[in-house]
Structures are given as structure tokens and as C-alpha cells.
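I have placed the structure first, in the form of C-alpha cells, so that the comments after it can refer back to it.
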Amino acid sequence: MGEIALNIKALNRPGVLRDITEITALCEINITYTHLFLEDKDHTSVYMELEAVKNVEEFMENIRSFEAVISVEECLSLHEIYGKRIIIIGGGAQVAMVAQGAITESDRHNIRGEHISVDTIPLVGEENLKEAVSAVGRLPRVGALVLAGSLMGGKITEAIKEIKKNHDVFIISLNMPGSVTNEADLVVTDPIQAGVMAVMAVADTAIFDIKKLGKRIF
């Protein structure tokens with residue numbers, strides 16, 4: 001009931017976010033997602049996704065009444081625009097090839113009304129990769145994580161276990177040395193095919209459910 005997204009521009013002052021969230025609570029509105037960032041040293045932007053909004057116009061007027069607020073506008077949610085996310089982490093060459101497959105397949109599904117976006121980050125080093133994998137649990141709308149490298153294990157594997165335990169994220173790994181492949185839901189040798197299968201795993205418009213495959217290694 002009453003699910004909306006708002007973009008609020010305000011002066012960069014202490015207490016602005018507190019005032020907004022306080023009026024939200026008083027109106028018995030639930031915040032499902034929020035993101036705040038500085039546009040410049042004097043101005044900030046607050047994006048919020050809300051549910052249980054009974055009177056949208058009245059709520060927006062309440063926010064506009066704050067002295068520090070410059071403007072309030074209703075907008076499409078990030079889920080409606082960018083949809084489900086595919087995250088690709090690993091070595092530059094492998095990430096590029098996986099992204100090629102994922103972007104090509106996403107285009108095919110997005111033309112038919114789906115919304116799937118692809119995020120990539122090429123990284124080297126066990127610690128960097130572990131932190132990147134762990135951070136996936138702090139990102140919204142992630143449907144699938146692809147580990148694209150030539151050797152992954154150790155702390156990276158432990159981070160994957162935590163992701164699988166606490167989040168509903170489908171994990172695909174390239175076929176490589178290291179213990180990461182033991183924890184992945186799917187192991188794929190061809191990086192382009194890995195990108196394609198990641199999209200198929202999350203797409204509502206996919207012809208078949210890739211999660212029901214009896215075979216785990218391809």
C-alpha cells in the first residue's frame with residue numbers, strides 16, 4: 001500500500017536527515033531504502049523508498065515545510081529503473097568477458113520488459129576481493145554474483161559462505177583453481193557463458209529456471 005520513491009534536495013546542515021525520518025515515523029510510514037550524498041559542500045540529496053504512505057501529497061508538503069529542504073519530487077524507484085543487479089568481481093580480462101555475456105543477455109530480456117543492470121569491478125589480491133564480496137551483502141537489489149578470476153580461495157571463500165548464509169544471491173564462479181568453486185551455485189568454464197547464465201538465473205523472462213539444473217559444473 002502506498003509504495004513511493006522520493007528525491008529530496010536540501011541544504012547540507014546537521015539534523016536534516018533526522019527531521020525527515022522523524023516526520024516519516026510520525027506518519028507511520030516505513031522506509032525500505034534510503035541513500036544520502038552531497039551534491040556539493042552546501043547541498044545534499046536524499047533518495048528514499050517508502051511504503052504505507054496513505055497521503056502522498058500531504059506527506060510531501062510536510063517535508064517541504066522544513067527550512068533546510070529545497071525541493072521534494074516523487075520519482076520512479078531504483079528497482080523500477082535499474083531492476084535486479086548482476087555483480088561481477090575479479091580479474092580485468094575475465095570480468096570484461098563475463099560482462100560481455102551478461103550485458104548481451106540482459107539486453108535481450110530488457111527489451112521484453114525486464115530490468116537487469118550489470119555492475120563490474122576488476123580487482124587483484126585476496127584481501128581486496130574478500131572485501132568486495134562481503135560488500136555485496138550491503139548492496140540492494142543484487143540477484144547474482146559472478147566471481148571471475150584465475151585463482152580464488154581462502155578469505156574470499158569465507159566471504160562467499162557468509163553471503164550465502166545471510167542473503168538470497170545466486171553465485172556463479174568461473175572454473176578455476178581454489179576453494180571458491182566448491183561454494184558456488186554454478187561453475188562455468190566459458191566466461192561469456194557465465195555472464196549469460198547469471199542473467200538467466202535472475203530474469204523473470206527466462207525460458208527455464210537455471211536454479212533447477214541438475215548439473216553444477218559446465
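Can you list the helices (runs of 4 or more DSSP H) lying wholly within region 150-218 that have 1 or more residues being under 16 Å from GLU105 (Cβ atoms) and either among the aromatic types (Phe, Trp, Tyr) or within 21 Å of the chain's Cα centre (by Cα) (or both)?
191-202
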#### Entry: Within region 1-100, strands (runs of 3 or more DSSP E) holding 2 or more residues that are surrounded by fewer than 19 Cβ atoms within 10 Å (Cβ to Cβ)
4-11, 30-38, 43-51, 69-75
### Query
Are any residues in region 167-200 out of contact with any helix residue (DSSP H, G or I) (no Cβ under 8 Å at 6 or more places or on another chain) and surrounded by 17 or more Cβ atoms within 10 Å (Cβ to Cβ), and if so, which ones?
MET176, THR181
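Condition check ((1) assigned by TED's automatic domain parsing to the domain that holds VAL188; (2) of a type in the set (Gly, Ala, Ser); (3) at pLDDT 95 or above) across all residues:
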site	(1), (2), (3)
ILE63	no, no, no
GLN94	yes, no, no
GLN100	yes, no, yes
ASP107	yes, no, no
ARG112	yes, no, no
GLY125	yes, yes, no
LYS130	yes, no, no
VAL133	yes, no, no
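Being more than 24 Å from GLY153 (Cα to Cα) and without any contact (Cβ under 8 Å) to a residue 60 or more places away in the chain narrows it down to one residue among ASP168, ASP209; which is it?
It is ASP209.
The values are calculated or read from the model by the stated rules, or taken from the named source; none is laboratory data. Values in this document were obtained by computation on a predicted structure and should not be read as measured data. Reconstructed Cβ throughout: ideal geometry from the backbone, glycine too, with neighbour counts over all protein chains shown.
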